[in-house]
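Before I ask anything, let me first share the structure, which is written out below as structure tokens.
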Number of protein chains: 4
Amino acid sequence: MARFESLTFSELPSGVWRTRLRVRFGSCDPAGIVYTPEYLNLFNGVIEDWYGDALGLPYHELVGTRRTGLGYAHVSADFAKPSSMGDVLDVAVIACEIGRTSLKLTVHAFKDDTECVRATFVTVTTSLVDHKSIALPDDMRLALKNYKARCGEPASPASTSLRFGPSSLPA
Amino acid sequence: MARFESLTFSELPSGVWRTRLRVRFGSCDPAGIVYTPEYLNLFNGVIEDWYGDALGLPYHELVGTRRTGLGYAHVSADFAKPSSMGDVLDVAVIACEIGRTSLKLTVHAFKDDTECVRATFVTVTTSLVDHKSIALPDDMRLALKNYKARCGEPASPASTSLRFGPSSLPA
Amino acid sequence: MARFESLTFSELPSGVWRTRLRVRFGSCDPAGIVYTPEYLNLFNGVIEDWYGDALGLPYHELVGTRRTGLGYAHVSADFAKPSSMGDVLDVAVIACEIGRTSLKLTVHAFKDDTECVRATFVTVTTSLVDHKSIALPDDMRLALKNYKARCGEPASPASTSLRFGPSSLPA
Amino acid sequence: MARFESLTFSELPSGVWRTRLRVRFGSCDPAGIVYTPEYLNLFNGVIEDWYGDALGLPYHELVGTRRTGLGYAHVSADFAKPSSMGDVLDVAVIACEIGRTSLKLTVHAFKDDTECVRATFVTVTTSLVDHKSIALPDDMRLALKNYKARCGEPASPASTSLRFGPSSLPA
């Protein structure tokens with residue numbers, strides 16, 4: 001199985017939202033590295049912050065107040081290099097595909113400027129009242145399009161936004 | 001993104017190892033269903049039990065005593081139907097591909113006889129002393145081959161082992 | 001700070017409900033032992049099973065269907081000996097005090113017949129509609145009294161039920 | 001069981017180290033509030049940050065490089081008010097007692113200026129080589145004494161440092 005081709009953090013377009021994760025003791029396993037399922041938990045927290053900070057749509061308002069389910073139909077992650085307690089990861093979120101009732105995000109984690117984990121999350125929007133899928137709310141769609149546009153501009157002539165597009169991502 | 005085609009539990013070959021998972025309160029999120037990263041944690045526990053019960057190789061001996069790392073290079077999961085607190089899932093583990101230094105497993109979770117989650121875990125065996133990849137230990141390879149052979153016989157003429165093979169699994 | 005005085009598993013009254021916990025990889029930390037907060041998670045699952053198996057009141061029905069909150073006002077735990085991946089713990093639940101709107105449970109975990117962890121959970125019953133405290137439901141109170149009575153009989157002349165009573169427990 | 005008497009955040013001595021916790025979706029349970037064991041996990045992360053930020057002793061260096069175990073002999077927590085997804089908690093750490101081989105910390109979490117959770121953690125320092133208890137390392141003892149001294153000065157004449165002392169804390 002081919003690993004993904006690691007990006008460098010500095011190649012990310014300047015408009016991409018990013019945050020930092022400290023790798024803590026409680027996230028690590030007896031091998032001393034981040035426990036694999038915990039990566040998904042940490043990244044879910046990153047995505048939650050991204051909704052509020054990058055889209056201006058606080059996650060707890062969407063899920064709690066507006067009862068819009070943001071559950072996943074698919075998640076996947078590829079691991080190129082382990083991370084240990086004390087590491088600080090730079091993490092970025094890319095909105096790859098905006099569908100009618102679904103959304104594909106990738107989360108890219110970097111250690112010392114080199115991508116060490118890449119995860120994909122496919123969200124299907126649902127009503128938390130009857131658990132049926134619904135169209136993305138209009139304000140969410142608009143915020144996503146604006147975010148995607150901001151991410152489309154390469155940081156430098158050497159990098160192109162295409163590298164972050166669906167075609168280079170794991171299916 | 002196409003969802004996987006759900007199997008029924010009764011279609012599994014009789015040789016496939018299976019266990020049961022009670023969905024507990026602490027595994028569920030504010031939407032009342034299993035928190036996505038928690039599925040990966042629960043399935044990791046299932047795989048751990050499978051090493052001991054189906055392969056005869058207790059996980060903690062491989063990882064702890066023998067210092068053989070069983071970390072993941074890739075994980076993915078597809079979700080067809082949510083599970084709630086109080087549900088009891090039937091879960092089965094299939095060894096799809098046995099490579100030189102890697103192993104591809106799928107975990108299939110069933111609710112009321114219908115597959116609701118399917119996850120793929122690609123393990124790369126490493127030395128926990130220097131964290132370099134190593135060949136699968138001989139006894140592990142043998143146990144895996146024997147397990148795969150036991151899973152190869154269909155439960156009934158209507159089902160074929162091919163349905164569990166690599167070609168029908170998400171990449 | 002004085003540690004608790006460890007019981008032996010064989011001293012437990014025969015009526016005490018008990019279960020087994022396998023210590024898995026994902027429950028352990030980089031020191032190779034169960035991560036402290038994870039003990040509380042594991043014990044919460046034990047208590048959940050106890051509601052259904054020992055009281056005949058499935059937890060998800062109380063919390064989910066009947067909307068009776070079983071949240072904690074207080075938890076505490078004392079650790080006498082660490083547990084590692086691969087250990088199998090015997091775990092017992094004692095109902096110490098049954099109040100009007102609250103319930104005090106102790107969870108006792110044993111490794112090789114010797115108590116290694118003792119935890120106390122004080123539950124306050126609430127309505128999940130308005131989050132106000134409510135009296136213990138009648139059927140729950142009755143089931144608790146019956147359970148406490150079953151636990152009151154010592155397993156042998158050498159042990160007495162008093163040792164499990166409130167006075168010997170951490171405040 | 002008497003609840004603790006809630007402090008207000010503004011009463012904390014100015015020298016007390018504090019941080020903020022966003023309550024995320026993944027930390028909450030089907031009742032929509034922080035899952036009790038998860039509080040201990042979140043607070044363990046807070047304590048880890050406190051070691052580095054307030055004591056100048058990064059946790060992963062103590063535990064990883066220096067192989068000094070910082071495991072708990074006792075933890076407890078009292079809950080006065082639940083917290084929900086989207087809440088932001090102010091959290092402070094107090095070093096209550098500095099023993100020869102042990103350390104008692106309290107973690108105080110505030111929501112809208114009122115203490116909603118108070119937890120106590122008793123750490124016993126051990127050698128991670130032979131898992132025997134050891135005296136607190138000298139630099140750690142010195143840093144703790146300095147921290148305790150900084151916390152001893154009340155923020156205002158109305159509050160006194162005694163309120164944070166051992167006598168007012170749950171045993």
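Select from region C:121-145 the residues that are crowded, with 19+ Cβ neighbours inside 10 Å and acidic (D, E) and list them in ascending order.
Listed by number, the list is empty, since nothing qualifies.
Only residues that are over 20 Å from the mean Cα position of the chain (by Cα), part of a loop (DSSP other than H, G, I, E, B) and modelled with pLDDT of 95 or more: list them for region B:121-160, please.
B:I134, B:A135
Which condition does C:R118 not pass, out of (1) over 12 Å from the mean Cα position of the chain (by Cα); (2) among the basic types (K, R); (3) buried (at least 22 other Cβ atoms within 10 Å of the Cβ), if it passes all the others?
Of (1) over 12 Å from the mean Cα position of the chain (by Cα); (2) among the basic types (K, R); (3) buried (at least 22 other Cβ atoms within 10 Å of the Cβ), only one is false for C:R118: (1).
Would you mind stating whether C:T65 is surrounded by fewer than 16 Cβ atoms within 10 Å (Cβ to Cβ), closer than 26 Å to B:M85 by Cα and within 12 Å of another protein chain (Cβ to nearest Cβ)?
yes
Do we find a residue being touching a Pro at 6+ places or on another chain (Cβ under 8 Å), closer than 19 Å to C:S76 by Cβ and not acidic (D, E) anywhere in region D:28-37?
Yes, that holds for at least one residue.
Return the pairs, sorted by first residue and then second, in which the second residue is assigned to a strand (DSSP E or B), the first residue lies in region C:122-141 and is free of Cβ contacts under 8 Å to residues at least 24 places away in the same chain, the beta carbons are less than 9 Å apart, and the residues are 6+ apart or on different chains.
Short answer, once both residue conditions are applied: C:K132/C:T126.
Follow-up question, since we're still on this one. Read through the list (1) under 20 Å from B:D49 (Cβ atoms); (2) out of contact with any Phe, Trp or Tyr (no Cβ under 6 Å at 6 or more places or on another chain), then give the number of the only condition that B:D90 fails.
If we test B:D90 against (1) under 20 Å from B:D49 (Cβ atoms); (2) out of contact with any Phe, Trp or Tyr (no Cβ under 6 Å at 6 or more places or on another chain), just (2) comes out false.
Tell me which residues, restricted to region A:103-115, are surrounded by fewer than 16 Cβ atoms within 10 Å (Cβ to Cβ) and not β-branched (V, I, T).
Applying the first criterion (surrounded by fewer than 16 Cβ atoms within 10 Å (Cβ to Cβ)) to region A:103-115 yields A:112-114.
Across region A:103-115, the qualifying residues are A:D112, A:D113.
Which numbered condition trips up B:T65, out of (1) more than 18 Å from B:I33 (Cα to Cα); (2) at pLDDT 95 or above?
Of the numbered conditions (1) more than 18 Å from B:I33 (Cα to Cα); (2) at pLDDT 95 or above, the odd one out for B:T65 is (2).
Could you list, in sequence order, all residues of region B:48-62 that are in contact with a strand residue (DSSP E or B) (Cβ under 7 Å, 6 or more places away or on another chain) and closer than 15 Å to A:A31 by Cβ?
B:L62
Shifting gears a bit: Scan region A:22-57 residue by residue and report those that are within 14 Å of chain B (Cβ to nearest Cβ), over 21 Å from B:A119 (Cβ atoms) and not in a helix (DSSP H, G or I).
A:C28, A:P30, A:G32
Of the residues B:H74, B:H60, which single one is free of Cβ contacts under 8 Å to residues at least 40 places away in the same chain and within 7 Å of another protein chain (Cβ to nearest Cβ)?
Numbers: B:H74 fails: free of Cβ contacts under 8 Å to residues at least 40 places away in the same chain.
Of the residues listed, the single one that is free of Cβ contacts under 8 Å to residues at least 40 places away in the same chain and within 7 Å of another protein chain (Cβ to nearest Cβ) is B:H60.
Considering region B:4-15 alone, what residues qualify as being surrounded by fewer than 22 Cβ atoms within 10 Å (Cβ to Cβ) and either outside any helix (DSSP H, G or I) or of a type in the set (F, W, Y) (or both)? Working first, answer last.
Taking region B:4-15 first, the residues surrounded by fewer than 22 Cβ atoms within 10 Å (Cβ to Cβ) are B:4-11, B:13-15.
B:F4, B:E5, B:S6, B:L7, B:T8, B:F9, B:P13, B:S14, B:G15 - these are the residues of region B:4-15 that are surrounded by fewer than 22 Cβ atoms within 10 Å (Cβ to Cβ) and either outside any helix (DSSP H, G or I) or of a type in the set (F, W, Y) (or both).
Could you list all residues from region A:112-126 that are within 14 Å of chain D (Cβ to nearest Cβ) and closer than 28 Å to B:S102 by Cβ?
A:F121
Kindly indicate whether C:T36 is surrounded by fewer than 19 Cβ atoms within 10 Å (Cβ to Cβ) and either over 20 Å from C:A92 (Cβ atoms) or in contact (Cβ under 8 Å) with a residue 12 or more places away in the chain (or both).
Working: surrounded by fewer than 19 Cβ atoms within 10 Å (Cβ to Cβ): no; either over 20 Å from C:A92 (Cβ atoms) or in contact (Cβ under 8 Å) with a residue 12 or more places away in the chain (or both): yes.
The answer is no for C:T36.
Name, by its number, the condition in (1) of a type in the set (A, V, I, L, M, F, W, C); (2) modelled with pLDDT of 95 or more; (3) surrounded by fewer than 19 Cβ atoms within 10 Å (Cβ to Cβ) that does not hold for A:M1.
Among (1) of a type in the set (A, V, I, L, M, F, W, C); (2) modelled with pLDDT of 95 or more; (3) surrounded by fewer than 19 Cβ atoms within 10 Å (Cβ to Cβ), the lone unmet condition for A:M1 is (2).
Pick out the one residue from B:S102, B:S83 that is of a type in the set (S, T, N, Q), within 14 Å of chain C (Cβ to nearest Cβ) and at negative phi. So that I can check it myself, show each step before the final result.
Details: B:S102 fails: within 14 Å of chain C (Cβ to nearest Cβ).
Selected residue: B:S83, the only one of B:S102, B:S83 that is of a type in the set (S, T, N, Q), within 14 Å of chain C (Cβ to nearest Cβ) and at negative phi.
Quick one: in region B:4-43, which of the residues that are aromatic (F, W, Y) and closer than 26 Å to B:L55 by Cβ is modelled with the lowest pLDDT? Quick ask: steps written out before the conclusion?
Taking region B:4-43 as the starting set, the residues that turn out to be aromatic (F, W, Y) are B:4, B:9, B:17, B:25, B:35, B:39, B:43.
With the extra rule that they be closer than 26 Å to B:L55 by Cβ, the set shrinks to B:4, B:9, B:17, B:39, B:43.
On the way: B:F4: 82, B:F9: 93, B:W17: 98, B:Y39: 98, B:F43: 98.
Step by step, filter region B:4-43, then rank; the result is B:F4.
A further question on this structure: Return the total of residues in region B:77-112 being without any contact (Cβ under 8 Å) to a residue 60 or more places away in the chain and either touching a His at 6+ places or on another chain (Cβ under 6 Å) or assigned to a strand (DSSP E or B) (or both). Walk me through how you get there before you give the answer.
To start, the set of residues in region B:77-112 that are without any contact (Cβ under 8 Å) to a residue 60 or more places away in the chain comprises B:77, B:79, B:81-82, B:95, B:98-103, B:105, B:111-112.
So of that shortlist, the ones also either touching a His at 6+ places or on another chain (Cβ under 6 Å) or assigned to a strand (DSSP E or B) (or both) come out as B:77, B:79, B:95, B:98, B:102-103, B:105, B:111.
Result for region B:77-112: 8.
In region B:89-134, which residues are among the hydroxyl-bearing types (S, T, Y) and over 15 Å from B:R18 (Cβ atoms)? I'd like the intermediate steps shown before the answer.
Taking region B:89-134 first, the residues among the hydroxyl-bearing types (S, T, Y) are B:101-102, B:106, B:114, B:120, B:123, B:125-127, B:133.
Within region B:89-134, B:T101, B:S102, B:T120, B:T123, B:T125, B:T126, B:S127, B:S133 meet the criteria.
(1) at positive phi; (2) in contact with a Phe, Trp or Tyr (Cβ under 6 Å, 6 or more places away or on another chain): which one isn't true of B:G56, the others all being true?
(2)
The values are calculated or read from the model by the stated rules, or taken from the named source; none is laboratory data. Source: prediction; values computed, not measured. Cβ: placed from backbone, ideal geometry, glycine included. Neighbour counts: every protein chain shown.
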